[in-house]
Every structure is written in structure tokens, then in C-alpha cells.
Amino acid sequence: MKKIFLGILIVLLLFVGFILVKTLTFSSNQLQVDPIEKIEIPDLAIQHLQEALRLKTISFENESDFDSMAFEAFNLLLSRNYPLIDSLLDHEVFSEYSHLYKWQGSNASLKPIVLMGHIDVVPIASPDKWTVDPFAGEIKDGKIWGRGTIDDKFSVIGILEATEMLLTDGFQPKRTVYLSFGHDEEIGGDKGAVLIAEYLTQQGIEAEFVLDEGYAITQKLIPGIEPDAALIGIAEKGSTTIEFTVDMEGGHSSQPAKETAIDVLSNAMAKLKANPLTPTLSEPMQGFMDQLGPEMGFVNKMAFANRSIFKGMIISTYENASGAGNALVRTTTSPTIFEAGIKENVIPTYARAVVNFRIIPGQTADNVMGHVVSVIDDERVKPKFYGFNTNPSAVSPIDNDGYGFINKTIKQVFANTLTAPNLVIAATDSRHFTEVSGNIYRFVPYHINENNINTFHGIDEHIPVEDYKDAIRFYRQLIINSNQ
């Protein structure tokens with residue numbers, strides 16, 4: 001018995017020792033770069049963003065609501081405010097309002113880079129709840145307010161200002177620089193980014209990297225991380241929508257059957273809610289843990305260093321955290337439409353529900369369909385794919401020049417900021433550029449915290465003036481770094 005106990009004790013000590021060794025050798029992977037001196041940003045650059053925010057370039061689901069005059073005004077703004085870009089760069093226009101600029105590099109052997117943004121914004125649901133007029137472009141309390149300050153005129157104008165500034169200085173890139181600005185990202189990008197990407201593919205363009213909107217610099221939003229942490233999206237989730245319908249006999253509400261179409265479909269939705277798809281730690285999440293785990297306290301560091309042992313605990317923590325935390329480790333299930341009935345005393349013969357699934361890398365739309373059929377297990381419920389559907393993007397590497405340029409630039413412009421890859425849980429125009437480059441990254445250079453995180457597509461969208469100035473510095477330095 002003593003030998004058995006001693007054997008168990010030895011195994012336990014070896015196990016604990018293994019965990020401790022892995023934890024203690026889980027050292028920092030952060031790039032060490034000296035910050036650069038901040039260049040002066042002219043007030044005119046701020047005025048240009050304000051001008052852009054005043055144009056109601058809204059994307060509506062209903063095409064009849066489209067305001068062509070706002071987008072035409074944006075076209076004029078581009079040529080008026082950026083005369084060197086307008087005169088020196090090649091310019092292609094797609095569907096009248098999407099733009100692709102080409103800044104020819106001096107070395108044809110170097111792959112080009114693509115910097116992206118989108119001109120359109122989402123509608124305003126409750127303008128009366130805003131602190132300021134959402135289309136006034138007003139500066140208040142050191143911040144620029146308005147729809148598009150975060151998503152995504154901030155990027156578009158920031159890229160343009162940086163490029164115009166470099167042209168003014170006589171900078172000549174070695175590698176070609178493309179500036180891609182779609183006008184319909186918020187409704188899928190079919191008339192903008194899709195056509196731009198097809199054009200680049202037809203031209204045989206293979207880019208060193210593509211940079212689009214995505215994550216930002218988080219401030220005290222990541223548990224266990226005190227410094228600012230910039231998250232660079234190296235993949236984005238897929239999206240598939242499934243429509244569920246039930247057809248059954250109806251009747252008068254005074255003589256209800258044991259089950260109605262509403263009962264059957266409600267039960268199906270309850271099954272989906274109770275049986276989500278299997279969670280996992282995707283490759284982007286593994287990269288996130290590799291980069292930020294060593295910067296955390298001992299307990300978190302130990303868990304991330306020994307994730308094969310603590311995987312269940314890590315996943316459970318994310319599942320029980322915020323909605324965003326849960327979305328990082330699983331394909332999410334979101335019922336968005338439920339329809340049935342025409343009158344209060346008539347039992348409906350038909351019920352319909354629409355459910356959106358955001359798919360984690362490693363799973364597909366077909367996996368989702370197989371899952372829902374198995375879980376619901378009721379032939380009366382008819383599922384079919386509905387609307388726009390796409391699988392998760394490929395995962396871009398972090399050990400190449402493209403990621404390195406972005407990582408270095410963040411460190412130079414935003415001193416003492418940690419960096420890490422991660423999974424973007426929303427969709428961006430960059431998903432259309434997979435034939436243009438295998439190195440697609442999603443990052444916007446502004447700070448996001450508890451004060452502004454809910455203004456994205458919401459009320460009181462705003463950005464600090466200093467963040468906007470730093471964004472111009474970031475894009476300028478990124479172009480320089482990509483050409484050294």
C-alpha cells in the first residue's frame with residue numbers, strides 16, 4: 001500500500017512540476033521596438049474627417065432608400081481634399097461610388113500592399129438619443145462625434161491623409177500601394193469590395209498583405225491585462241443563416257390541437273438554444289494566448305501555458321463571460337426573426353423562424369446544417385439556407401512580413417502597447433480579398449474601452465481627436481515600414 005501511495009505521490013509531483021516548468025518558461029513574445037517621435041498633424045486633417053462625417057453615406061437594405069447625392073458628394077470630397085492623390089495616383093471607380101487608388105512602386109519585384117476601409121455607414125435608429133447630431137461632425141470634449149467615426153470613415157480618411165502627407169513630402173514607395181474604399185460594406189460589399197477584389201485578381205495582383213477594419217487597441221477590456229493591448233484579426237468567423245418553417249393544420253383558438261405550428265417551431269428553437277455547437281480553441285485564439293498569456297498574472301499564465309490540460313476551464317470561462325467572450329470559442333446561435341399568426345383567435349397554419357449562426361474556424365455552414373437537423377430531430381420543421389452565407393476565412397500567418405510590418409508600426413506609434421492576434425467575430429470587406437492575398441489582417445488604430453465599445457453601430461459614436469491623429473501617424477508609418 002505504501003508503494004502505491006508513494007507511486008501516486010511521485011506521479012502527482014511530476015505532474016505539478018511539469019505544469020510549473022511550462023508556466024515559468026512561458027516567456028514574453030512581445031516585439032521590442034522603440035517608439036517614434038510623433039509628427040505634427042495639421043488641423044485641416046481634422047476638418048476633412050468632419051466633412052466626411054457630415055455626408056449621410058448610409059447603406060440601406062432597401063435600395064430605394066439609397067441617397068446617391070451623399071455618395072456623389074463624397075466623390076467630390078475625395079478629389080477636392082486630396083489633390084496629390086487625385087493627380088498622381090491611378091484611380092479606378094466601381095459602381096460609381098467605390099474607389100481603388102494605385103500608388104505605383106519603384107520595385108516591381110516587391111508584392112504590393114492593400115489598405116482598406118469603407119465609405120458607407122449604418123442608419124441611425126434613435127437620433128434623438130445622441131448627445132450631438134450624428135451627422136454634424138462636431139468636436140466636443142476633445143472628441144469627434146458622428147456616425148462613421150469608428151466604423152469606418154475614420155480609417156478611410158486616416159489612410160488618405162497619411163498618403164497625401166507622404167506625397168507632399170516626396171516619398172516614393174518601393175512596393176505598390178493600393179487604397180481600396182468600398183461603398184456598400186454594411187450590406188455585403190457586392191457592388192464595391194467584391195468588384196475591386198475581382199479586378200485585382202484579374203490584374204494578377206498578389207499582395208504582400210491586406211489590412212482592413214477589425215479589432216482595435218483595447219483598454220482594460222481583457223481580464224488579466226493591465227496595459228493597452230492591440231488585437232490584430234488574423235481570421236474572421238463565417239456567417240450562415242437558416243430559415244425554419246412549419247406547415248400544419250390551423251383552426252379556431254377555441255379548439256386548439258395538442259400541437260400547433262407555433263408549438264412545434266418554438267420547441268425547435270428551444271432545442272437549438274439548449275444544444276449549441278461544440279466550443280473550441282481556434283488557431284487565432286491559440287495565438288492570442290501565446291502572445292498575451294506571458295503578460296498575465298500567475299494563474300492565467302499557468303492556464304494559457306498548459307492549455308492542453310486546462311482547455312475545459314479556459315473554454316468554460318469564455319462561455320460564461322460576455323457575449324463576445326462566448327463568441328470567441330464557439331459557433332453562436334442567434335434567432336433573429338420569428339413569425340406566425342394573422343389574428344388573435346385563429347391558430348396559424350404556418351410558422352417561420354430565421355436563425356443566424358456565426359461560424360468559428362474549423363467548422364462550416366454544412367456542419368451547422370447537420371447539427372441543427374440532428375438537434376431538432378423533427379421532420380415537421382423544414383430548414384434551408386437563407387440569404388448570404390459564407391464559411392470562416394482562412395487563418396493568416398503571424399510569422400511573415402505583413403504581420404511584422406503591422407506589429408512593428410503599432411509598437412512604434414503606440415508606446416508600451418501589447419499586441420496579439422485574435423479572431424474577428426464580425427464580417428468585413430476583407431473576406432472578398434482571399435484571392436488577392438493569403439495574408440489578410442484586420443485592425444484599426446484607435447483605443448476601445450468601456451466608454452465607447454457600445455457606440456459601434458450604436459448611439460453617440462465618437463473618437464478622441466488624439467486617436468484620429470495617431471491613426472494618421474499609424475498609416476503613414478505603416479506605408480514607410482512596408483517599403484524599407
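Numbers below:
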item	result
Residue match in segment 465-483 (condition: out of contact with any Cys (no Cβ under 8 Å at 6 or more places or on another chain), assigned to a strand (DSSP E or B) and under 12 Å from Phe154 (Cα atoms))	no
Of all residues making up segment 87-133, the number that are closer than 25 Å to Pro173 by Cα and out of contact with any strand residue (DSSP E or B) (no Cβ under 9 Å at 6 or more places or on another chain)	6
Filter result for the condition that a residue is in contact with an Asp or Glu (Cβ under 7 Å, 6 or more places away or on another chain) and in contact (Cβ under 8 Å) with a residue 24 or more places away in the chain, over Ile19, Ile46, Ile58	Ile58
Residue that is nearest to the chain's Cα centre (by Cα), among those in segment 278-299 that are more than 15 Å from Ile359 (Cβ to Cβ) and either of a type in the set (A, V, I, L, M, F, W, C) or in a loop (DSSP other than H, G, I, E, B) (or both)	Phe288
Matching option when the condition is more than 30 Å from Gln203 (Cα to Cα) and in the same structural domain as Gly146 (by TED's automatic domain parsing), among Ser64, Ser27	Ser64
Residue match in segment 438-461 (condition: under 17 Å from Ile232 (Cβ atoms) and not in a strand (DSSP E or B))	yes
Hits in segment 468-484 (condition: of a type in the set (A, V, I, L, M, F, W, C) and either out of contact with any Asp or Glu (no Cβ under 7 Å at 6 or more places or on another chain) or surrounded by fewer than 23 Cβ atoms within 10 Å (Cβ to Cβ) (or both))	Ala471, Phe474, Leu478, Ile479, Ile480
Residue match in segment 199-210 (condition: in contact (Cβ under 8 Å) with a residue 24 or more places away in the chain, buried (at least 24 other Cβ atoms within 10 Å of the Cβ) and within 27 Å of Ile46 (Cβ to Cβ))	no
Unmet requirement for Gly250, which otherwise passes all of (1) within 30 Å of Gly188 (Cα to Cα); (2) in contact (Cβ under 8 Å) with a residue 12 or more places away in the chain	(1)
Single match in Ser126, Ser87, Ser109 (criterion: within 18 Å of Glu61 (Cα to Cα), hydroxyl-bearing (Ser, Thr, Tyr) and either in contact with a His (Cβ under 6 Å, 6 or more places away or on another chain) or surrounded by fewer than 18 Cβ atoms within 10 Å (Cβ to Cβ) (or both))	Ser126
Of the criteria (1) on the phi > 0 side of the Ramachandran plot; (2) under 17 Å from the mean Cα position of the chain (by Cα), which one Ser393 fails	(1)
Residues (assigned to a loop (DSSP other than H, G, I, E, B), touching a helix residue (DSSP H, G or I) at 6+ places or on another chain (Cβ under 9 Å) and surrounded by fewer than 16 Cβ atoms within 10 Å (Cβ to Cβ)) located in segment 257-277	Ala257, Glu259, Asn275
Criterion violated by Ala70 - all others in (1) crowded, with 17+ Cβ neighbours inside 10 Å; (2) over 27 Å from the mean Cα position of the chain (by Cα); (3) without any contact (Cβ under 8 Å) to a residue 24 or more places away in the chain satisfied	(2)
Residue among Asp141, Asp133 that is surrounded by fewer than 18 Cβ atoms within 10 Å (Cβ to Cβ) and either closer than 30 Å to Glu63 by Cβ or in contact (Cβ under 8 Å) with a residue 60 or more places away in the chain (or both)	Asp133
Enumerated helices (runs of 4 or more DSSP H) restricted to segment 1-104, each holding at least 3 residues that are acidic (Asp, Glu)	none
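The values are calculated or read from the model by the stated rules, or taken from the named source; none is laboratory data. Worth saying up front: this structure is predicted, and the values here are computed from it rather than measured. Glycine also receives a Cβ, built like all others from the backbone with ideal geometry; neighbour counts cover every protein chain displayed.
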